[in-house]
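Contents: one structure, followed by commentary.
Read-outs throughout are calculated quantities, based only on the coordinates presented, and are distinct from any laboratory measurement. What you are looking at is a predicted structure, and each value in this text was computed from that prediction instead of being measured. Reconstructed Cβ throughout: ideal geometry from the backbone, glycine too, with neighbour counts over all protein chains shown.
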Amino acid sequence: MRYILVVLMILFASSVAYGKDCRNMDANPGPVTYSGIIQAAALLVEGPNEWVDCFRLILDKPICLSGEFVGSNAEVRAIQLLPPEGKTMPAGRWQVTGSLSTGENHWFCEEVVLDVSSLASMDQGAPTEKISAPQFKKGNGLLGYGVPTKQVIDVSAWKHKTKTVLLQSGFNLLRVEFYSNDTYPVFFISGRSLRDNQETQDPEEFSDVVGFAHSMLDANAGWPFELVDQYGIRYKYDRLRGVSGYGFDIQMP
């Protein structure tokens, strides 16, 4: 009995301590400052071909938040950044200050949003080319990236580690397009439904998708890449998603 009481006291103390460090979003928490890596992506919202820029801050350390929208003691690993009007968010490692809100609008890409007031660079001249995909612009070519800098049409003669991973994972490689001075490959594929595997409730299937994404990233020497399946669905992946444990950034046609 005494042992059970001690265990309960420890658990209660731990939950209180954890709850104490958990920021209450319903109580107007005021300005906050977080550090992490900013990731930019184009997000397809409701309506035909309506794209918006989505800026995520992949946090250096998870934060604990509570509130009606996020729930109780929710662990948050990434937040969306809302830059000042007319501004954009630079890639790289940054310390960002602003006010928190909830991502209840349909075009928000994260449940927690930071209205940015200021930011300070934490990079010391580090290159950021491997951070995100090329800049998307509606109507700028087939994919919004302009004209590819290189194409591989005869994939039978093309040799690369990424091709090996795709074939071993049950996909057919149709062609490859390169952008951003040949550093961003887009693989046009057919085969099994990657989207169904990622959106499944089966943790083993989701783990399989994440493992496949990691293998592709490793085969591409850590550079970001994109897949386009036979239905025009786009799957983007980079090292920031790999660090955070996310699956693909899926964009519907």
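The gain in end-to-end length when the Ser190 to Val32 segment is fully stretched comes to 52.4 nm, 0.36 nm per residue minus the alpha carbon separation. Residues whose amide H comes within less than 5 Å of that of Asp60, counting only those at least five positions distant or on another chain, are Ser35, Gly36, Ile37 (H built at 1.01 Å from N in the peptide plane). Residue-wise HN-Hα couplings along region 224-230, as the Karplus relation 6.51 cos²θ - 1.76 cosθ + 1.60 with θ = phi - 60° gives them from phi, are x, 8, 9, 10, 10, 8, 5 Hz; Gly and Pro carry x.
At a Förster distance of 30 Å, what's the computed FRET efficiency of His160 paired with Phe69, Cβ-Cβ distance as r, to 0.05? Computed FRET efficiency for His160 and Phe69: 0.10. Applied to region 111-119, the Karplus parametrisation 6.51 cos²θ - 1.76 cosθ + 1.60 on θ = phi - 60° returns per-residue 3J(HN,Hα) values of 6, 10, 10, 10, 7, 6, 10, 7, 8 Hz, with x for Gly and Pro.
Peptides 149-157, 230-238 ranked from most to least packed by the mean count of surrounding Cβ atoms within 10 Å: 230-238, 149-157.
Taking a ≥ b ≥ c as the square roots of the eigenvalues of the alpha-carbon gyration tensor, region 162-246 is classed oblate because a/c is 1.5 or more while a/b is no larger than b/c. Amide hydrogen proximity for Phe69: with H placed 1.01 Å from N in the peptide plane, no residue at 5 or more positions away or on another chain lies under 5 Å.
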